[in-house]
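Readers should treat all values here as calculations from the given coordinates under stated rules, not as data from a laboratory. For clarity, every value in this text was computed on a predicted model and none was experimentally measured. FYI the Cβ positions are ideal-geometry reconstructions off the backbone, even for glycines, and counts take in every protein chain you see.
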Amino acid sequence: MNKKMGVSVAVIALLAAGGLYLLVKPAGDAPAPAMPAPAPVASAGPATAPVDQAATAGQVAFDAKNSTFTLDGQSVTLKNGTSSIPSAPGSASSTTTRYFGDDGRGDLNNDGQEDIAFIVTQDAGGSGLFYYVVAAMKEADGYKTTNGFFIGDRIAPQSITIPRNSNELQVNFANRQPGEPMTAPPTVGRVLLLKVTPQGVLEGLMK
């Protein structure tokens, strides 16, 4: 290097943040600028999943369209609101049960929990279309369904109510006058009063 030029070159090799930096500084000049700080390294740990508050609290939702209950002593399991089974072993006809709706909510056994009542229909392949009401009783670990209580054939359901502090299930529907043919439209209002026994049986209120 030529000393007469009065120039000295300092070469400093630095390894920082995974890269090689070459710094050239003429002697006697101002100090070189500071090296850039290494970029922060992102954490490789797993992301935190959102907390399901309902699951954390132990709450279990009831889905009437995917529930199991009994109709006339036979177990029925709905999947997406429908069940279809052979009417008899080897029979070509089938018995189809469907979720109808008109859900009612309230306390049916005075335990402070909100129970649910809903209507299903059953078609055995004949001319009849039979309507039943089922109750789902809220318990500590979920819901327990009752038997289905027969409302009528080819009726017109209106609503289900569970009046506050009554422990009573009221099914409002339209039916035909006594003696009218089944082909007549249901036009007469009726109210069916039901209760759930301590054994979990849905039955008439006056029984």
Between Leu205 and Ala92, what length comes free when the chain is fully extended (0.36 nm per residue of separation minus the Cα-Cα distance, one decimal in nm)?
36.8 nm
Each label sits 7 Å from Cα toward the beta-carbon; between Thr82 and Asn110 the label points are separated, in nm, by 4.3
Listing Leu129, Leu78 by rising number of other beta-carbon atoms within 10 angstrom, fewest first, gives Leu129, Leu78
Treating cross-link reach as a plain straight distance, find the aspartates and glutamates whose alpha-carbon is under 17 Å from the alpha-carbon of Lys144, omitting any fewer than eight places away in the same chain.
Asp63, Asp103, Asp107, Asp111, Glu114, Asp115, Glu203
How about the range 104-164: which trypsin sites (Lys or Arg not before Pro) there lie in a loop by DSSP and see at most 16 other Cβ atoms within 10 Å?
Arg164
Can you pull the one-decimal nm distance between simple spin-label points at Gln158 and Ala140, each 7 Å off the Cα toward Cβ?
4.1
Counted charge near Tyr143, where neighbours are those whose Cβ lies closer than 11 Å (Asp, Glu -1; Lys, Arg +1)
-3
Where labels lie 7 Å past Cα in the beta-carbon direction, separation of Phe150 and Ser166 in nm:
2.5
What do you get when you divide the Cα radius of gyration of the range 139-207 by 2.2 N^0.38 Å, with N the number of residues?
1.31
Rounded to whole angstroms and listed largest first, the alpha-carbon spread of the range 116-160 along its three principal axes comes to 42, 22, 10
